[in-house]
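None of the figures in this text is laboratory data; all of them are computed from the coordinates on show. All figures in this text were calculated on a predicted structure; none of them were measured in a lab. Methodologically, a virtual Cβ is constructed for each residue, glycine included, from the backbone with ideal geometry; neighbour enumeration extends over all protein chains shown.
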Amino acid sequence: MKIRKELWFGFILMALIIAGTAVMLISAPKITSGHLGLMMLSLVVVAIMLGFPTAFTLMGMGMIFTWIAYEENTTKTLTLMVQSAYKVMSNDVLISIPLFVFMGYLVERANLIEKLFRSLHLAMARVPGSLAVATLFTCAVFATATGIVGAVVTLMGLLALPQMLRGGYDVRVSAGAITAGGCLGILIPPSVMLIVYGATAGVSVVQLYAGAFFPGLMLAGLYVVYVIVLAKLKPHLMPPLSAQDRFVPLPPLTQKISETVSNTALPALLKALKGQRNVNVPTGYLVRQLGVTLMPAAFFLLALTGSWHLNTRPVEAQAVAAISSGGVSEPAGAAQEAGVAGSSGGSSGGVQEPPGADTGGVKEPPGSGGGGVKEPPGSGGGGVKEPPGADSGVKEPPGADTGVKEPPGSESGGVKEPPGASQGVQEPPGAAATAGGTGAPVPQAEAPRTPPTIGWWIGAGVGALAMVAFYAILSFQRLEIFKMLLGSFFPLLVLILAVLGSIVFGLATPTEAAAVGAFGGFVLAVAYKQFNLTMLRESVFLTAKTSAMVCWLFVGSAIFSAAFALLGGQELVENWVMSLNLTKTEFLILSQVIIFILGWPLEWTEIIVIFMPIFIPLLDNFGVDPLFFGLLVALNLQTAFLSPPVAMAAFYLKGVSPPHVTLNQIFAGMLPFMGIQIIAIILLYNFPGIGMWLPEVLYR
């Protein structure tokens, strides 16, 4: 019997793992429990490559080696298993996984992807490699709305691959575009992989979503640029679309306007509405078409108005905004006891805190009693010093009866304020004054707005020219394509903005946003008349199946990680890495190369739950931010779906492709996109702001 090449590759890789483990054990001067942990790790990888279920392999190996580590104590072993499982069950972040998966399956069955691909295909008809570009755009949008890799690759294989082959596209290019675009769901939020990494590494899923947004767009953009350049250099691989494929039929009434008045949409509709031409078209139809036509102009005017208000804010308003964002803040609870109000920079009559003190309360010195306020020696600003032996509260100076000693002429119960300071928070310049000390504000004229900047005028001018050019070329055929986009792309855009926007801007937790997304998927399915009990039953079943797989993986990973740490494997790996005297760059290169190689035989779930608990503790030694490391890993883990011999995306596509499309052709088509992934990783490492800018602006 002839063995396939990918099987030979798998067997050779397993043999190398077993041989390397044997050499390590033989060469070790003394076999410790840490070496047993590394042997357990090797056995797990080999067992998974042989086809054993990942979750139960992790669980079984973890139990066996935990039993060995506990010197055959069954009670302690079972206790560790129960504690690990309970730790996973109590993780609130994991609740969002079934909700996001359910949203994805509902959107998938709402039949939006077919309409989206058709509209993008027609909209990009004149772009080189238009079908491949439309495929990548469709995959990116649908991946953002679903996050389910297998579903996107399978559906695009059914929709796009036959059209691409019928249009004369090369099989390898077609397969590469579909598989690479379908795998964008691994990286682009709401990605289940980011949730799993966040729960494993202890990183905020909200910050991961914000950080992965621009790298995901960058990777999709690199894919599109590669396809367009390849189509220009080698047009025989992706021939232009024929006139028949670009043809857009017009509705009868629109066809009548086009033939009677003009084919340019906006002038023709205005003339027909004014009655200059007798076209015998109902007025209501003309108004509806004109409303759709003017939607881009309305959006442009709305954006222009909002940017003008931001750009021309008065100087006083900007100062107030600066103070409210980073200026005066009162210590929490300072106004409750003893009537002492905190201040920042001595702007109010309160207890001044030493530099660097937290704004959330009054900092206590080491070893102080309960709640005493200690000022640094020689500090001014009304600081209250506690003598030795003070237990709690604010200690009075000698001779004081109660409260805090006041300077002559001050009000009772107050703390000395610096000259010119007002009671409470100091008002910014230009704030309303009080009349006669009664507290009634004196009416003042509204501050004038500042003139728009040159940049605003340039942007407004460019936008206006773009709108003029848009309406100059907007024919009725293009208007029909725009209406198709309104019916397919914009509903998904609203759903994406509702889910991701609420997460990124802190309006909702990932779990709450996932619930909103699931409800949004239900609404889309009902709106497009695709909802029925069969669809609901299939979505619920697939959601339960996927969620159970992820949860059992976490349970198995928790038991495996506990056993690995108990045996001392983590300490052994850490000592070995530290003995190499690596720099930060060398460590990141080594870790990413290891993850890249692991992506050949293993899936991303196995890489995260098995190897991330080994890498994460090493990050502090090299000063690597776990969030940035997670973004590098997320880009790298795309290879888990594109790398032979596992390459699940290739098998998804092969299952729905015509018989003449071979697996080797699909593998060959994926290789250039793997190279683009490496370029994306290099760009992210050299320009970390691509991923870290948005989280730092929003959360740090």
Checklist entry - So between LEU507 and ALA544, what do we pick up on full extension, going 0.36 nm a residue minus the alpha carbon distance? => result 10.6 nm
Next on the checklist: Using the basic label-point model (7 angstrom from Cα toward the beta carbon), what is the PHE651 to LYS76 distance in nanometres?
Outcome noted: 3.9
Checklist entry - Order of LYS271, LYS545 from fewest to most other C-beta atoms within 10 Å? => result LYS545, LYS271
Checklist outcome for this item: The simple spin-label model distance between LYS274 and SER242, using points 7 Å out along Cα→Cβ, in nm, is 4.3
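Can you put VAL206, VAL523, VAL577 in order, fewest other beta carbons within 10 Å first? All intermediate terms of the calculation are to be shown ahead of the outcome.
Values: VAL206 21, VAL523 15, VAL577 18.
By the 10 Å Cβ count, ascending, the order reads VAL523, VAL577, VAL206.
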Checklist entry - For labels at LEU465 and VAL229 in the simple 7 Å Cα→Cβ model, what's the distance in nm? => result 2.7
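Take HIS121, HIS236, HIS35 and order them by how many other Cβ atoms sit within 10 Å, fewest up front. Please list the in-between numbers first.
Details: HIS121 24, HIS236 8, HIS35 18.
Lowest to highest Cβ neighbour count: HIS236, HIS35, HIS121.
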Checklist entry - Rounded to the nearest whole Å³, what is the per residue volume of the convex hull around the Cα atoms of region 459-540? => result 114
Item to check | Cut-off 14 Å between beta-carbons: net charge of the residues surrounding PHE531, Lys and Arg +1, Asp and Glu -1 | outcome: +1
Next on the checklist: Below 8 Å between Cα atoms, with a sequence gap of 6+, how large is the relative contact order for region 460-575 in percent?
Outcome noted: 12
